1. Take Glu69 and tell me if it is open to solvent by 50 Å² or more (accessible area, probe 1.4 Å), modelled with pLDDT of 95 or more and closer than 30 Å to His25 by Cβ.
2. For residues in region 63-97 being small (Gly, Ala, Ser) and in contact with a helix residue (DSSP H, G or I) (Cβ under 8 Å, 6 or more places away or on another chain), which is farthest from Thr117 (Cα to Cα)?
3. If I filter region 24-42 for residues that are without any contact (Cβ under 8 Å) to a residue 40 or more places away in the chain and over 14 Å from the mean Cα position of the chain (by Cα), do I get at least one hit?
4. Report whether or not Asp103 is in contact (Cβ under 8 Å) with a residue 60 or more places away in the chain, within 12 Å of the chain's Cα centre (by Cα) and open to solvent by 20 Å² or more (accessible area, probe 1.4 Å).
5. Can you work out which of the residues in region 1-60 that are modelled with pLDDT under 50, assigned to a strand (DSSP E or B) and of a type in the set (A, V, I, L, M) is surrounded by the most Cβ atoms within 10 Å (Cβ to Cβ)?
6. Taking region 79-100, which residues are under 10 Å from Val53 (Cβ atoms) and open to solvent by 20 Å² or more (accessible area, probe 1.4 Å)?
7. Do the conditions hold for Asn76, that is, is it surrounded by 17 or more Cβ atoms within 10 Å (Cβ to Cβ) and touching a strand residue (DSSP E or B) at 6+ places or on another chain (Cβ under 8 Å)?
8. Pairs, please: C-beta under 9 Å, at least 6 apart or cross-chain, first residue without any contact (Cβ under 8 Å) to a residue 40 or more places away in the chain and in region 73-90, second surrounded by fewer than 13 Cβ atoms within 10 Å (Cβ to Cβ)?
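The values are calculated or read from the model by the stated rules, or taken from the named source; none is laboratory data. Since the structure is predicted, the reported quantities are computational estimates derived from the model, not experimental observations. Cβ coordinates were reconstructed from backbone atoms using ideal geometry, including for glycine residues, and neighbour counts include every protein chain displayed. Calculation scope for accessible area: heavy atoms of the full protein, side chains included, ligands and nucleic acids excluded. Shrake-Rupley method; radii C 1.70, N 1.55, O 1.52, S 1.80 Å.
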Amino acid sequence: MFRWLFVIVFLFGCVANHPPSSECHTIIDCTLVIKAKLTSNLSVKETSYPKPVVISFLLNDSAEVIAYEVLTDDNNEALEKAAIEAIRNSSPFTELFGLSKPDFEEFKDIRLTVDFTK
């Protein structure tokens, strides 16, 4: 079974043109909604970091984060900590309940890239 590899990339100063609704019904809509939610919960002290941070996290059937893993080995603890805190503060991702059951299942394994490089 093909698993979606869901990647959200945060670029410093990047904001969606239209604020997403609080619910989504397609993978693309959900990508925008989750990106906005994570962005609103991301608090960083610097405006630039040398390398991006990649974190994988899993959701349960209630759209709560049940596990996460930092996939980069850059010793960028400040950005890693900020990204993990954003993930925790954004959980649960109940906006995903608007997806069909198969799409929700595919969306439960998320790979997040936080990029503040210039």
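1. yes
2. Looking at the filtered set, the residue picked out is Ala63.
3. Checking region 24-42: not a single residue is without any contact (Cβ under 8 Å) to a residue 40 or more places away in the chain and over 14 Å from the mean Cα position of the chain (by Cα).
4. no
5. Ile8
6. Glu80, Lys81, Ile84
7. Criteria met by Asn76.
8. Asp74/Pro50; Asn76/Pro50; Ala78/Lys45; Ala78/Glu46; Leu79/Glu46
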